[in-house]
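Trainee: The structure's right below; bear with me while I get my questions together.
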């Protein structure tokens with residue numbers, strides 16, 4: 001994958017908000033996700049980036065399993081993922097990377 005090594009050197013195994021918005025339907029941006037998470041009395045002590053949270057919330061919306069059009073339900077689902085032992089580290093990015101065959105990271109470095 002083009003630019004992966006440079007991306008990892010700069011951002012680690014985490015999404016930037018720009019990358020998260022471009023690979024999902026991008027319904028909710030970082031500002032909206034952050035505000036909704038704060039309504040759930042959430043403080044980021046997990047090591048997750050805002051991009052990780054944006055990716056998970058928009059992915060949950062895209063999958064449409066639990067939250068439909070409700071950002072609060074999507075955020076609740078995301079908080080469960082990132083608060084798990086592995087979820088806050090780099091699980092979301094690593095899982096996405098495993099299913100991604102060819103991607104150009106250079107615009108996100």
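Trainee: Can you list, bin by bin at 5 Å, the percent of alpha carbon pairs in region 4-108, starting at 0?
Mentor: 2, 13, 25, 27, 19, 9, 4, 0
Trainee: Summing -39500 (n - 2.57) over the DSSP H runs of n ≥ 4 in the chain and dividing by its residue number, what mean residue ellipticity at 222 nm do you reach, to the nearest 500 deg cm²/dmol? The partial results should precede the final answer.
Mentor: On the way: 6 runs with 60 residues, N = 109.
The helix contribution divided over the chain gives -16000 deg cm²/dmol.
Trainee: Against the longest alpha carbon principal axis of the chain, how many degrees, from 0 to 90 and to the nearest 10, is the axis of helix 30-39 turned?
Mentor: Here the helix axis deviates by roughly 40 degrees.
Trainee: If you average the sequence gap of Cα pairs under 8 Å that are 6 or more apart and divide by the length of region 4-108, what percent do you get for the contact order? Can you show the working numbers first?
Mentor: Numbers: 119 pairs, mean separation 35.9, N = 105.
Taking the mean separation of contacting Cα pairs over the length of region 4-108, I get 34 percent.
Trainee: Relative to the present Cα-Cα distance, how much length would full extension add between residue 32 and residue 70 at 0.36 nm per residue of separation? If you can, show how the numbers build up before the last one.
Mentor: On the way: separation 38, 0.36 × 38 = 13.68 nm, distance 1.19 nm.
Once the chain is fully extended between residue 32 and residue 70, it gains 12.5 nm.
Readers should treat all values here as calculations from the given coordinates under stated rules, not as data from a laboratory. Just so it is clear, the model here is predicted, and its values are computed rather than measured.
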